[in-house]
Amino acid sequence: MKVAFYIDTRGIEDVNFDDLDQSNPGIGGSEYALLFLLSHLVKNGQQDLEFLLFSNSIINLNFIEPTIVNDLNDSFELAINLQVNLLVLKHNSNLKECINKLKIPTIIWAHNFITFGMLQNYCKNEKISRIVNVSRGQLNTYRDHLAFNKSTYIYNAVNTSYFESGLNFFERSKIVTYVGSIVKAKGFHVLARIWKKVLIIHPNAELHVIGSGKLYNRSQKLGDYGIAEKSYEKEFIKFITDENGNLLKSIIFHGVLGKEKNVILEKTKVGVPNPSGNTETFGYTAIEMQGFGALITTRLSIGYVETVYKKKYLYQEENELETYLISALAQNSNEYENTSKYLKENFDIKIVSERWQNLFKKIKESEPNSVVPLEYSDNNYTKFKDFLRRIKTTLPFGYHILPSLLFFKSLKHKFKKKFL
């Protein structure tokens with residue numbers, strides 16, 4: 001069976017990908033997830049599987065030679081010419097314009113939340129065999145939509161063998177670390193706003209910031225301090241500068257780092273990935289931080305419910321970050337043994353790659369999709385959506401008669417956009 005992955009590599013051509021096993025080299029999480037998974041599939045995959053990588057620019061990889069294509073449409077044609085049996089595409093809104101040209105079975109790998117409109121397109125397209133989400137919570141957002149019937153979830157992978165507890169937790173200085181793109185969607189401003197208040201209680205605390213406003217767009221023009229896009233930087237800069245406009249000495253900006261960031265994570269006491277929780281479908285940085293022994297405080301959202309083991313410091317509202325961070329910095333235990341076990345059992349690359357290979361086999365053999373069952377931890381909203389799903393499945397034309405709850409959410413969004 002020949003499986004081809006497509007990746008947009010514009011802007012990351014100069015990145016060194018030699019150490020994918022050890023860490024994200026400083027690219028977007030979805031791009032890292034794809035390349036890391038593919039590297040293991042190529043090296044350790046089943047013998048009856050052959051893998052190709054289509055990319056729209058040249059990148060140097062030590063495990064596969066990418067095949068250069070002009071765009072998605074070009075990759076569709078090439079897949080047919082190379083007799084590819086299965087194509088794997090990352091979900092994004094640009095697919096709307098071209099998925100009707102698909103001619104071979106395709107997996108949509110959804111790292112971001114899927115809108116109602118795109119779900120409509122995916123469920124109607126017979127060439128789309130599966131929609132793979134990266135968490136159960138993400139999948140459950142459309143549990144009562146017809147597209148759910150050909151959907152599943154597979155966690156993103158990490159190499160847990162590189163994790164180590166680092167410095168004994170009770171010996172760690174009060175180091176707080178943020179890892180991620182410095183854009184509004186990733187919530188750095190939420191942390192910046194309360195940092196001076198944290199220093200009142202923990203005057204020796206340090207904030208290490210790993211990332212940049214250029215992580216997703218290498219040509220992005222930054223503000224006066226070189227931290228983030230100019231207008232966004234202005235939103236938070238007063239909270240992290242002194243009366244003379246100088247950056248606080250307690251804050252260290254490291255820029256984009258690859259495996260070098262592990263040295264910082266080994267000393268980190270509290271990690272704060274995306275403190276707003278918005279847009280997160282999977283907490284990649286939270287897993288890395290926990291893997292090196294840090295506690296996690298961030299918003300209790302879909303991206304972190306399944307990826308954070310110790311949920312004591314996950315808050316409901318953004319304005320609670322100050323209280324939770326101050327409390328986490330005062331702790332002397334991180335339950336590392338239990339945390340490490342949880343990470344290995346759920347996110348290790350060996351387990352994740354096996355799930356992908358099983359999925360390829362099911363599609364090859366035309367096995368029907370297995371409905372992901374409810375779990376006891378699912379909230380009442382999810383249970384209600386499952387109740388609607390079962391009604392729609394039972395009734396003739398049920399999915400056509402009863403709209404998905406996402407339909408009403410999309411109407412609300414359109415109304416706000418037009419009138420508010």
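Regarding segment 28-41, can at least one residue be identified that is over 25 Å from the mean Cα position of the chain (by Cα) and not assigned by TED's automatic domain parsing to the domain that holds Gly255?
Looking through segment 28-41, none of the residues is over 25 Å from the mean Cα position of the chain (by Cα) and not assigned by TED's automatic domain parsing to the domain that holds Gly255.
Scan segment 355-392 for residues that are within 24 Å of the chain's Cα centre (by Cα) and β-branched (Val, Ile, Thr) and jot them down.
Result: Val371, Val372, Thr382.
Any idea which residue in segment 137-180 is farthest from the chain's Cα centre (by Cα), counting only those that are of a type in the set (Val, Ile, Thr) and not in a loop (DSSP other than H, G, I, E, B)?
Ile175
Considering each residue of segment 301-349, count those that are touching a residue at least 24 places away in the same chain (Cβ under 8 Å) and within 21 Å of Arg136 (Cβ to Cβ), and give that number.
Counting residues in segment 301-349 that are touching a residue at least 24 places away in the same chain (Cβ under 8 Å) and within 21 Å of Arg136 (Cβ to Cβ) gives 19.
Every residue in segment 254-273 that is among the β-branched types (Val, Ile, Thr), more than 10 Å from Ile175 (Cβ to Cβ) and in contact with a strand residue (DSSP E or B) (Cβ under 9 Å, 6 or more places away or on another chain), please.
Scanning segment 254-273 gives Val256, Val272.
Going by the conditions given, is Glu367 closer than 30 Å to Glu50 by Cβ and either assigned to a loop (DSSP other than H, G, I, E, B) or basic (Lys, Arg) (or both)?
For Glu367, the condition - closer than 30 Å to Glu50 by Cβ and either assigned to a loop (DSSP other than H, G, I, E, B) or basic (Lys, Arg) (or both) - is met.
Among Lys350, Lys361, which is of a type outside the set (A, V, I, L, M), within 20 Å of Lys150 (Cα to Cα) and surrounded by 12 or more Cβ atoms within 10 Å (Cβ to Cβ)?
Just one listed residue meets the conditions, Lys361.
Between a first residue in segment 163-183 that is at positive phi and a second residue that is outside any loop (DSSP other than H, G, I, E, B) and basic (Lys, Arg), which pairs have beta carbons less than 7 Å apart while being 6 or more apart in sequence or on different chains?
Within 7 Å, the pairs are Gly180/Lys186.
Report, ordered by the first and then the second residue, all pairs with beta carbons closer than 9 Å, sequence separation of six or more or different chains, a first member in segment 106-123 that is free of Cβ contacts under 8 Å to residues at least 40 places away in the same chain and surrounded by fewer than 21 Cβ atoms within 10 Å (Cβ to Cβ), and a second member that is of a type in the set (Val, Ile, Thr) and assigned to a helix (DSSP H, G or I).
Final answer for the pair search is Asn121/Ile99.
If I ask for residues that are in a helix (DSSP H, G or I), among the polar types (S, T, N, Q) and surrounded by fewer than 20 Cβ atoms within 10 Å (Cβ to Cβ), which ones from segment 1-57 would you list?
Answer for segment 1-57, where residues must be in a helix (DSSP H, G or I), among the polar types (S, T, N, Q) and surrounded by fewer than 20 Cβ atoms within 10 Å (Cβ to Cβ): just Asn44.
The values are calculated or read from the model by the stated rules, or taken from the named source; none is laboratory data. Keep in mind the model is a prediction, meaning the values are calculated, not measured. As a convention, Cβ positions derive from the backbone with ideal geometry for all residues, glycine included, and neighbour counts pool all protein chains shown.
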